[in-house]
Amino acid sequence: MTPQPTGRLLTTVEGADLVLTRTFRAPASDVWASVTEPERTARWFGTWEGHGAPGRTVHVQMAFEEGRPRSSVRIDTCEPPRRLAVTTQDSFGSWRLEVQLTESGDGTELRLVHHLAGTEGLGEVGPGWEYYLDLLVASREDGETPRFDAYYPAMKEYFERLTPLPPEA
């Protein structure tokens with residue numbers, strides 16, 4: 001199966017938000033655990049150390065990146081099991097990210113929001129987030145681990161051509 005890009009670009013006061021979603025047949029509390037518990041994040045993103053609490057910083061080692069880089073992640077907002085906002089800092093700069101979970105019926109929608117100051121590099125960033133979210137799906141379903149080369153450069157043009165949409169109502 002060839003993965004299809006899902007990202008959307010929304011206009012904001014500060015620039016733009018790259019928004020990607022995945023839906024899980026699980027309660028929000030279980031999906032929340034997949035994005036906040038160290039042993040579960042290690043399966044799809046990387047390991048982290050530290051005391052995860054608002055205003056605190058944890059240290060993440062990426063598990064699926066070349067060289068397994070490390071970054072500092074400050075927890076800006078933590079509202080279990082609905083919203084987690086963080087600011088990452090590494091050798092590439094600083095990123096503001098947010099995970100929002102919405103439970104509906106027997107499922108939960110995960111919405112990853114990457115708050116952007118500009119759209120430079122979106123052709124690399126977008127495929128990366130698609131890849132990581134599909135790693136999350138695979139980790140929860142004991143599925144086959146996706147290969148990054150199915151995402152990049154295959155999705156690069158899609159993300160480079162995204163036009164910012166008006167903010168959602």
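Read the figures in this text as sums done on the coordinates, not as results from a lab. Computed from a predicted structure; not experimentally measured. So basically every Cβ, Gly included, is an ideal-geometry build from the backbone, and we count neighbours across all protein chains shown.
Extension gain, T87-A53: 0.36 nm per intervening residue step, less the Cα-Cα distance, totals 10.9 nm. Per-residue ellipticity at 222 nm from helix content only, as computed over the chain with -39500 (n - 2.57) for each DSSP H run of at least four residues, stands at -6500 deg cm²/dmol.
Three semi-axes describe the equivalent ellipsoid of region 18-169; taken as square roots of 5 times the Cα gyration tensor eigenvalues and ordered largest first, they are 21, 19, 18 Å.
If R0 is 25 Å, the Cβ-Cβ spacing of E39 and Q4 corresponds to a FRET efficiency of close to 0.25. Rounded to the nearest 20 debye, the dipole magnitude of region 46-169 is 460 debye, with +1 charges on Lys and Arg beta carbons, -1 on Asp and Glu beta carbons, and the Cα centre as origin. Take every pair of alpha-carbon atoms less than 8 Å apart whose residues are at least six positions apart; their mean separation over the length of region 1-50 yields a relative contact order of 18 percent.
As I understand it, the dipole of region 89-164 uses +1 on the Cβ of Lys and Arg and -1 on the Cβ of Asp and Glu, about the Cα centre. Which of A117, V99, G128 lies farthest toward its positive end? Positive-most Cα among the choices belongs to A117. Oblate is the label for region 104-169, because a/c, from the alpha-carbon gyration tensor with a ≥ b ≥ c as root eigenvalues, is 1.5 or above and a/b does not exceed b/c. Of the GluC sites (Glu not before Pro) found in region 13-109, those in coil by DSSP whose Cβ has at most 10 other Cβ atoms within 10 Å are E14, E66. What percent do you get for the relative contact order of region 81-169 when only Cα pairs under 8 Å and 6+ apart count? Relative contact order comes out at 19 percent.
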